[in-house]
Amino acid sequence: MSNWFYHQAGRQIGPVTEQDLKNLLQSRTLAPGTLVWTEGMQQWQEAATIHNLIPPASPPPPPGSGLRLQTQTPAPPPPPQSVAATAQTHALGACPLCGLEKHMNKGKPLYGHKVCKSCYYKFANRRQAAFFVDIMIWRFIMTPVGMVLGTALALLGMSQAGIQGVASLLGLLLLPVFYCKDCFSGYSPGKKLCGVRTVDTTTGAPAGIIASFKRNLPLLIPFMPIIVAGRLCKGHRTGDGWSNTKVIWQKYATSSVFAPKQPAP
Ligand SMILES: [Zn+2]
């Protein structure tokens, strides 16, 4: 006996046996106008129009109703096999960032959303690149400063050890300046270059000088920069919690992954 599918309340149900379908129609659980389909049929048809499906005991549909209903119903959906196949490819869903499905089978969580493997690593790479660009820029600025200072102090007759001491102290004193790197509208030079930005988690507004300082302060702890660099790809990193910030991918700023909890008015 063949398997049948039918439509009820806008949903496709089945497969059911022919006997089950007959019972449903006979008990009036399903109306005679219910669209049904089984293998071999070109398209969905009303149960009443199919020979032998509704027992003779049931009254025939009012004249003309079959035709009228048929013109009212929208184009029949494709047969169940193809519907099932489509559902399978859609099960993983599209990546909320790039909109593609192909890398979703190895998707990873980012800020509580599943994104595709490709976007996940692209974002992590951008953040890590930004981090290293910032450190390089900082070194680039600090090296000539240190050299000028060192030369000046040597001319003043300061010992080598003394100069090194002053240089270390100065480096430490200037570090807080480095920690404010995210305060330029949420961009550090490296972040600007790599298309990522630090924003307030709640409002989505660019991180200010205080938030920037707070989130970068943990970098003062020895080895913390290495731990932070390793954790960048997880989304929130050490320092983001208490400064209430997160780094977003500017290109996808409006996606659900990076959208603020409550957008600023
Ligand atoms: Zn993606």
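Taking H placed 1.01 Å from N in the peptide plane, check which residues at least 5 places from Q8 or on another chain put their amide H under 5 Å from its amide H.
Amide H neighbours of Q8: I13.
Give the separation of the Cα centroids, the stretch 139-179 to the stretch 191-222, in Å.
27
Applying the Karplus parametrisation 6.51 cos²θ - 1.76 cosθ + 1.60 with θ = phi - 60° to the phi angles of the stretch 15-29, what ³J(HN,Hα) value in whole Hz is obtained for each residue in order, glycine and proline being reported as x?
Residue by residue, the stretch 15-29 yields x, 10, 6, 4, 5, 4, 5, 4, 4, 4, 6, 5, 7, 6, 4 Hz.
Need the full-extension length gain, L170 to A205, defined as separation in residues times 0.36 nm minus the C-alpha distance. One decimal, nm.
Stretched out fully, the L170 to A205 stretch lengthens by 9.3 nm.
Quick query: amide H of V196 versus all other amide H atoms, modeled in the peptide plane; which residues come in under 5 Å with a sequence gap of 5 or more or a different chain?
Here the answer is Q250, since their amide H atoms fall under 5 Å of that of V196.
Pairs K102/K122; K181/K246; K122/K251; K191/K246: which are spaced more than 18 Å apart, C-alpha to C-alpha?
Table pairs above 18 Å Cα-Cα: there are none.
From the phi angles alone, apply the Karplus equation (6.51, -1.76, 1.60; θ = phi - 60°) to the stretch 142-148 and give each ³J(HN,Hα) in whole Hz, x where the residue is Gly or Pro.
Using θ = phi - 60°, the values come out as 6, 4, x, 4, x, 5, 4 Hz.
Can you compute the radius of gyration and Dmax for the stretch 101-226, using only the Cα atoms, both in Å?
That works out to 19.1, 68 Å for Rg and Dmax.
What residues have an amide H closer than 5 Å to that of T245, excluding those fewer than 5 places away on the same chain, when H is modeled at 1.01 Å from N in the peptide plane?
T201
Coordinate-derived values only; no laboratory data. No experiment lies behind these values; they were computed from the predicted model shown.
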